[in-house]
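Below: one structure, written as structure tokens.
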Amino acid sequence: MPYVKTIVCLANSYKPPNGRCIAGREILQDGYGGWIRPVSDRETAEVSFSEYSYESKQSPQILDIIEIPLLRSEPRHHQTENHVIASGRWVKKGRLAWDDLEIIRDEPGSLWINSDSTKAGHYDCISQDEAATVHDSLLLIRPENFAIEIGRNYWTGRKSFRGSFNYKGDYHSLSMTDPVAREAFGVKEEGSYHLEDIYLCISLTEPYEQDDRCHKLVAAIISRQLLK
């Protein structure tokens with residue numbers, strides 16, 4: 001039986017092959033619930049524009065409050081927040097106030113397990129065995145010393161975007177899949193660009209085919225400067 005969930009959008013990020021990963025916290029009558037990630041029933045789980053766009057043909061924006069028709073809960077390993085979408089339009093119901101982000105932010109002791117790094121990053125991935133001990137894949141955090149690092153991908157030579165920051169005393173450098181931030185900073189020269197007064201939505205992926213590891217991503221930078 002289809003059902004409807006209302007969430008505040010905290011991520012609308014790039015998801016291969018040609019879609020998005022949208023996620024947020026559930027809004028209940030008496031407060032806030034857990035995380036929800038609406039997914040398609042395709043193997044790759046990404047949602048397409050025709051599936052997530054509003055009737056106005058606009059894409060959900062960060063802090064939008066959205067009603068989403070869903071079919072069933074379908075957790076995938078540590079991605080316990082997944083719900084398969086039903087047919088029907090997503091409906092924007094309002095906007096979350098900036099100050100409410102402090103109410104719903106997470107405060108874990110660490111970003112899951114800090115054990116492994118890719119060549120380009122730092123504490124940006126974990127093994128599948130480690131991921132099997134994890135029971136969630138989305139976090140909203142308040143980082144310290146955050147900067148967008150623009151460089152070059154050492155495999156493709158294309159411009160790369162990473163978020164570097166400290167959290168609970170640990171340094172992280174994570175790939176950034178936030179399309180709004182990438183568009184805003186894509187015109188800038190290679191270098192480091194600091195942002196203040198921000199929140200980050202961090203996502204833990206399913207295993208990548210390239211290295212069989214699960215990667216931590218900056219799925220969204222929630223900044224007054226970037227909000228539309």
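The values are calculated or read from the model by the stated rules, or taken from the named source; none is laboratory data. Model, not experiment: these values are computed from the prediction. Don't worry about glycine lacking a Cβ; one is built from the backbone with ideal geometry, like all the others, and counts go over all protein chains shown.
Give the residues of segment 55-80 that are among the hydroxyl-bearing types (Ser, Thr, Tyr) and surrounded by 15 or more Cβ atoms within 10 Å (Cβ to Cβ), sorted by residue number.
SER59, THR80
Which condition number does ASP30 fail, the rest of (1) in contact with a strand residue (DSSP E or B) (Cβ under 6 Å, 6 or more places away or on another chain); (2) without any contact (Cβ under 8 Å) to a residue 60 or more places away in the chain being met?
(1)
Run down ILE7, ILE68, ILE27 and say which single residue is assigned to a strand (DSSP E or B) and under 16 Å from the mean Cα position of the chain (by Cα).
ILE7
When you check LEU71 against the structure, is it at pLDDT 95 or above, aliphatic (A, V, I, L, M) and touching a strand residue (DSSP E or B) at 6+ places or on another chain (Cβ under 7 Å), yes or no?
yes
Looking at segment 100-118, can you tell me whether even one residue there is loosely packed, with under 12 Cβ neighbours inside 10 Å, under 20 Å from LYS216 (Cβ atoms) and free of Cβ contacts under 8 Å to residues at least 40 places away in the same chain?
Yes, that holds for at least one residue.
Enumerate the strands (runs of 3 or more DSSP E) found wholly within segment 125-228, keeping only those where 3 or more residues are surrounded by fewer than 16 Cβ atoms within 10 Å (Cβ to Cβ).
So the answer is 144-152, 191-194.
Could you tell me how many of the residues in segment 73-123 are touching a helix residue (DSSP H, G or I) at 6+ places or on another chain (Cβ under 9 Å), under 27 Å from ASP211 (Cα atoms) and assigned to a loop (DSSP other than H, G, I, E, B)?
5
If you go through segment 76-87 one residue at a time, do you hit one that is touching a Phe, Trp or Tyr at 6+ places or on another chain (Cβ under 6 Å) and under 19 Å from TYR14 (Cβ atoms)?
Yes.
Just checking, which of TRP90, TRP35 is touching a strand residue (DSSP E or B) at 6+ places or on another chain (Cβ under 9 Å), outside the structural domain of ILE198 (by TED's automatic domain parsing) and within 15 Å of TYR3 (Cβ to Cβ)?
Of TRP90, TRP35, the one residue that is touching a strand residue (DSSP E or B) at 6+ places or on another chain (Cβ under 9 Å), outside the structural domain of ILE198 (by TED's automatic domain parsing) and within 15 Å of TYR3 (Cβ to Cβ) is TRP90.
How many residues are surrounded by fewer than 13 Cβ atoms within 10 Å (Cβ to Cβ) and among the acidic types (Asp, Glu) when one looks only at segment 42-54?
1
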